[in-house]
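Here, each number is a calculation from the coordinates, and none is a lab measurement. Since we're looking at a predicted model, the values are computed, not measured. Cβ sites come from the backbone with ideal geometry, for glycine too, and all protein chains shown count toward neighbours.
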Amino acid sequence: MNSLRLGSYTFTSRLILGTGKFSSVSAMIEAVRASKAQLVTVALRRFNREQAEDDLFGPLSEIEGLTLMPNTSGAATAKEAVKAAHISRELSGSPFIKVEIHPNPHHLMPDPIETYEACKILAAEDFIVMPYIPADPVLAKRLEEVGCSSVMPLGSAIGSGQGLSTAEMVKIIIRESNIPVIVDAGLRSPSEACAAMEMGCEAVLVNSAVAVARDPAAMASAFAKAVEAGFDARNAGLMPRSGSAVASSPLTSFLGAAR
Amino acid sequence: MSTIHITLNGEKRELPSGSSVADLLKLECAESQKVAVVVNENIVRPDKRESAVLQENDQVEILVFAGGG
């Protein structure tokens, strides 16, 4: 019960780390190690012989117990995303695919229609499909029905650091879903990741908040602790809210004075 | 020596006739790392790269994993 199940895979870590925007490959690798993440995202890009050091496959494959989840970033249509998924599976040997289709570079909001079409195809091809979606409970349910292994609603716009601005919608998605709900995008601080886990998310995906921190490895470690704390707190059972004070110390028999 | 013309990652390239995908990877210094190769929309797996001979006007993509969220 303490492991995260995605398709036929199980993970003890509930923090999924993105590998973009780090100042160097070594900073990224240190952060991945510090995060104890077992699932990390990568993006497919054209090989450039002048920048061969940009290739992350080698460095990431040296970390034991790590599974790659390629994303389809760059795809603007379902067709492009499916093509990227096929190439990524060939390269990674991993069945995981983060379906990410955002045609507008200004807001990077996922296209729900193309995302749905791509997921339908990829789920039928036995990928472990992890779609990045707007926080829409109806879409989330439809994606569950076509065989996605999770849904990943955005907390706020990619890289914005605006936190869990979609919290109320994410709560509805969690209530209605039979597959893991993972908040992906927009988180800025470990407390927000903790809140997402307390709310009932099965994992969180973080990239920018770690990558652009002054000390990415320390921030990765902080996120890992927050995710674990939030998960433990949810399982421990949060106390109910009350509209008024409820005393935690006895209010009678104070120093023998009768009142 | 006769040559062929291909498009590699969006750029025009000239290669000796009879070049295979494996030859191209050596030429690009990409033979020692893990890459995906797509020729005219078809993925060419590692065990087929020696025998896959490139043709005039082939569209070739060599891809790797970069950082991404």
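Of note:
- Here the Karplus curve 6.51 cos²θ - 1.76 cosθ + 1.60, taken at θ = phi - 60°, turns the phi angles of segment A:202-216 into couplings of 8, 6, 10, 10, 10, 9, 4, 4, 7, 4, 9, 5, 4, 10, x Hz, with x standing for Gly and Pro.
- Histogram of C-alpha separations across chain B, 10 Å bin width, %: 20, 58, 18, 3, 0
- Charge dipole of segment A:177-225 (Cα centre as origin; +1 on each Lys and Arg Cβ, -1 on each Asp and Glu Cβ, all else neutral): 160 debye, rounded to the nearest 20.
- Debye, to nearest 20: dipole size of chain A, +1 on Lys, Arg Cβ, -1 on Asp, Glu Cβ: 660
- Antiparallel content of DSSP bridges confined to the protein assembly as shown, in %, to 5: 50
- Net +/- balance of residues flanking A:E114 in space, Cβ distance below 9 Å, scoring K and R +1, D and E -1: -2
- Magnitude of the charge dipole for segment B:3-63, about its Cα centre and with charges confined to Cβ atoms of Lys, Arg (+1) and Asp, Glu (-1), is about 140 debye.
- Placing unit charges on each Cβ (+1 for Lys and Arg, -1 for Asp and Glu) gives the protein assembly as shown a dipole about its Cα centre, and among A:I16, A:V82, A:I173 the Cα reaching farthest toward its positive end belongs to A:I173.
- Around A:L17: net Lys/Arg minus Asp/Glu count, Cβ-Cβ under 13 Å: +3
- Taking a sphere under 9 Å around the Cβ of A:A217 and counting the other residues whose Cβ falls inside, with K and R at +1 and D and E at -1, yields a net charge of -1.
- Charge dipole of the protein assembly as shown about the Cα centre (unit charges at C-beta), most positive-ward option of A:F47, A:Y132, A:S189: A:S189
- Long-range HN-HN contacts of A:L39 with modeled amide H, under 5 Å: A:L17, A:T67
- Label zone of A:V212 (point 7 Å out along Cα→Cβ, amide N under 14 Å): in segment A:19-61 this covers A:20-23.
- Spin-label pair A:T252-A:Y9: with each label point 7 Å from Cα along the Cα-Cβ axis, the two points sit 5.9 nm from one another.
- Restricting the GluC sites (Glu not before Pro) of segment A:49-132 to loop positions (DSSP other than H, G, I, E, B) with no more than 16 neighbouring Cβ atoms within 10 Å leaves A:E62, A:E64, A:E125.
- GluC sites (Glu not before Pro) lying in DSSP loop within segment B:1-50, provided at most 10 other Cβ fall within 10 Å: B:E41
- The length gained by stretching the chain between A:S244 and A:A167 to full extension, at 0.36 nm per residue less their Cα-Cα distance, is 25.3 nm.
- Net length gained if the chain between A:A124 and A:Q51 were fully extended (0.36 nm per residue, minus Cα distance): 22.7 nm
- Above-threshold pairs, the threshold being 20 Å between Cα atoms, out of A:K79/B:K26; A:K21/A:K225; A:K36/A:K225; A:K83/A:K120; A:K79/B:K48; A:K21/A:K98: A:K79/B:K26; A:K21/A:K225; A:K79/B:K48
- Relative contact order (percent, whole number), chain A, Cα cutoff 8 Å, 6+ residue spacing: 19
- For chain A, the longest principal axis of the alpha carbon atoms and the long axis of helix A:78-92 meet at an angle near 90°.
- 19 Å reach of a label modelled at A:S24, 7 Å along Cα-to-Cβ, counting backbone N of segment A:55-76: A:55-63
- Couplings 3J(HN,Hα) of segment A:220-235, computed from phi: 4, 5, 5, 5, 4, 5, 5, 5, 5, 4, x, 5, 4, 5, 4, 5 Hz, in residue order, whole Hz [Karplus 6.51 cos²θ - 1.76 cosθ + 1.60, θ = phi - 60°; x for Gly and Pro].
- Between the residues B:N9, B:A30, B:Q59, the greatest Cα displacement towards the positive end of the dipole of segment B:3-63, with unit charges on the Cβ of Lys, Arg, Asp and Glu, is found for B:A30.
- The protein assembly as shown - Debye-derived log10 I(q)/I(0), Cα point model, q = 0.08, 0.13 Å⁻¹: -0.42, -0.94
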